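A quick write-up on the structure given underneath.
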Amino acid sequence: MTQYAIVKKILSPEKAEVEVLRGTACGSCEVCHYASKIRVEARNPIGAQRGDKVEISTQTSRVLSAAVLVYVVPFVLFFIGYAIAASLKLSEGYSMLMSFAFFAVGFVVIALVGRRHKKNPITYEITNIIGCGAESV
């Protein structure tokens, strides 16, 4: 996965902090308070300097698996919970209660997997300098 960013700070000769413009609709308007830019640490093997507009890359499979975990797993568990309750011929209220319980289990799964992946986070690498001295993406 390739994104564009701006080098905001040089952390060491091999690392830099970059500001990435989020590629989602979240943060694209002025109404909500969510930031449209995030800062991440990236390997800097090409020696980009503060203010440079750069191209960064990361392993696409890691990003997609994280997205599936966060956005898909809880909803799949929600419907599995409802299907199990319906197969047990529980009332509508209990079926909904069970589906929300399974949905909550999805968030527990996210938390457990997230803790395990803290030891091996998604890494970014600066691959190309697009422009020198740019101030915004």
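Before moving on, here are some points about what is shown:
- Here the relative contact order of the chain, from alpha carbon pairs under 8 Å that lie six or more residues apart, stands at 33 percent.
- Simple Cβ-charge dipole of the chain, Lys/Arg +1 and Asp/Glu -1, about Cα centre, in debye nearest 20: 400 debye
- Value at 222 nm in deg cm²/dmol, rounded to 500, when DSSP H runs of n ≥ 4 in the chain each add -39,500 (n - 2.57): -13000 deg cm²/dmol
- Cleavage-rule hits, trypsin sites (Lys or Arg not before Pro), the stretch 55-130, DSSP coil, Cβ neighbours within 10 Å at most 15: LYS89, LYS118, LYS119
- The chain, accessible surface, carbon-and-sulfur percent (1.4 angstrom probe): 63 percent
- Residues of type lysines that LYS37 reaches as a straight line, Cα spacing below 27 Å, ignoring anything fewer than 8 places off in the same chain: LYS8, LYS9, LYS15, LYS53, LYS118, LYS119
- Rounded accessible area per residue of the stretch 35-108, 1.4 Å, Å²: 62 Å²
- Option label - log10 I(q)/I(0) by the Debye sum over Cα atoms at q = 0.10, 0.13, 0.15 Å⁻¹ computed here, alternatives [x] -0.49, -0.70, -0.83; [y] -0.43, -0.74, -0.97; [z] -0.30, -0.51, -0.67: [x]
- Net charge over other residues, Cβ less than 12 angstrom from the Cβ of VAL18 (K, R count +1; D, E count -1): +2
The values are calculated or read from the model by the stated rules, or taken from the named source; none is laboratory data. Predicted model only: the values in this text are computed from it and were never measured. Positions of Cβ are generated from backbone atoms using ideal geometry, with glycine treated the same way; all protein chains shown enter the neighbour counts. Just the protein is used for accessible areas: all its heavy atoms, side chains included, with ligands, DNA and RNA removed. Shrake-Rupley method; radii C 1.70, N 1.55, O 1.52, S 1.80 Å.
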